[in-house]
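Only the coordinates and a few stated rules stand behind these numbers; no lab work does. This structure is a prediction, so every number in the text was calculated from the model and none was measured. Positions of Cβ are generated from backbone atoms using ideal geometry, with glycine treated the same way; all protein chains shown enter the neighbour counts.
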Amino acid sequence: MRSGRGATRSSSGSCSSAALPAAATEFGQMVAVELPAGTQVEELQRRLFDEHRIEVPCFEYDGRPMLRISVQGYNDEGDIEQLVEAVR
């Protein structure tokens, strides 16, 4: 059974680990983006919310600063563009 673009779902409902984007320009509903070294993730997360009302998790993973984007049905390209501009 197909579950979205590029994802396969077994009859038990679990997703296959082979569910990867078909091209580098595609990604799933959720993606983690590595931020520049030295980014203060707590400060960035606070600033994004306080100044732009953008709520995204910013965290460190294995010593690397990350930002997680989770796109929902009510988000559009403008929301992503607003996030990119706010992070700059």
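Here are the numbers for this structure:
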{"quantity": "Full-extension gain in nm, VAL84 to VAL31, via 0.36 nm per residue minus C-alpha separation", "calculated": "17.7 nm"}
{"quantity": "All-pairs alpha carbon distance profile, segment 30-87, 5 Å steps from 0, percent", "calculated": "4, 19, 30, 26, 14, 5, 1"}
{"quantity": "Surrounding net charge for GLU51, when Lys and Arg each add one and Asp and Glu each subtract one, Cβ distance under 15 Å", "calculated": "-1"}
{"quantity": "Full-extension gain in nm, GLU55 to ARG68, via 0.36 nm per residue minus C-alpha separation", "calculated": "3.7 nm"}
